[in-house]
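Okay, so here's the structure we're looking at.
The values are calculated or read from the model by the stated rules, or taken from the named source; none is laboratory data. Predicted model only: the values in this text are computed from it and were never measured. Cβ coordinates were reconstructed from backbone atoms using ideal geometry, including for glycine residues, and neighbour counts include every protein chain displayed. Note: accessible area is taken over every heavy atom of the protein model, side chains too, but ligands, DNA and RNA are not part of it. Shrake-Rupley method; radii C 1.70, N 1.55, O 1.52, S 1.80 Å.
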Amino acid sequence: MGLTSEQITTSLDWIAAREPTIAQALERCGYPEPRIRERGYRTLLRTIVGQQVSVASASSVWRKMEAELGEDIHPAQLLARDFDALRACGLSRQKQGYARSLCELVHAGELDLENLPADDEAAIAELTRIKGIGRWSAEIYLLFAEGRPDIWPAGDLAVMAGMGKILGLEERPDEKATRALAEGWRPHRGALAIFTWHCYDNPAL
């Protein structure tokens, strides 16, 4: 599961005690709600299904997949279906390739989502073995599904924009600058990422 409210509060208080601009933003915007996802294969499959489509479209595809493959959508069941069966669920050829990559790794025991490496970079490397799962998707999974406290998705547009807004920068920092800006706030950057999303379009700031 993701970071709890208590963990988010503790981490943000730690950062705010060291960075006045964070403290000011926290006072104006308040603490963010937790962002929690289920750990495991289904969350990653749902990430693939949801890429580049609306939430409503992704939900429609997911319901069709559950009807076709069963509520658990077991990897073996998906691998046993042909192109047309999965296409009827709404999965494009590209997404079928991504979904099969995930299912093959899990089904063969080559990817153990219950025992990813403790080191964050090593865990990201494991997850990005899946076709269609890039660094950002891996970071979001580790933050929302595993609750890793120091995940910092610096390449996320809202994180970059949120940091610029919180710190009062004239221009939105790029990924490299966003990564550097938060370096001193290890090991609490996961809560900060959640806070940047909270502040991104918050009228209080």
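Data table
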read-out: Tally, over the stretch 33-84, of residues that are assigned to a loop (DSSP other than H, G, I, E, B), aliphatic (A, V, I, L, M) and in contact (Cβ under 8 Å) with a residue 12 or more places away in the chain; value: 2
read-out: Residue in the stretch 94-104 that is touching a residue at least 24 places away in the same chain (Cβ under 8 Å), open to solvent by 20 Å² or more (accessible area, probe 1.4 Å), polar (S, T, N, Q) and at negative phi present; value: yes
read-out: Qualifying positions in the stretch 149-180 - hydrophobic (A, V, I, L, M, F, W, C), farther than 19 Å from L205 by Cα and in a helix (DSSP H, G or I); value: A177, A180
read-out: Selected residue [of a type outside the set (V, I, T) and in a loop (DSSP other than H, G, I, E, B)] from E139, E146; value: E146
read-out: Some residue of the stretch 46-56 being within 16 Å of the chain's Cα centre (by Cα), among the basic types (K, R) and at negative phi; value: yes
read-out: Any chance S137 is out of contact with any Asp or Glu (no Cβ under 9 Å at 6 or more places or on another chain), open to solvent by 40 Å² or more (accessible area, probe 1.4 Å) and among the polar types (S, T, N, Q); value: no
read-out: Count - residues of the stretch 1-15 that are in a helix (DSSP H, G or I) and open to solvent by 20 Å² or more (accessible area, probe 1.4 Å); value: 7
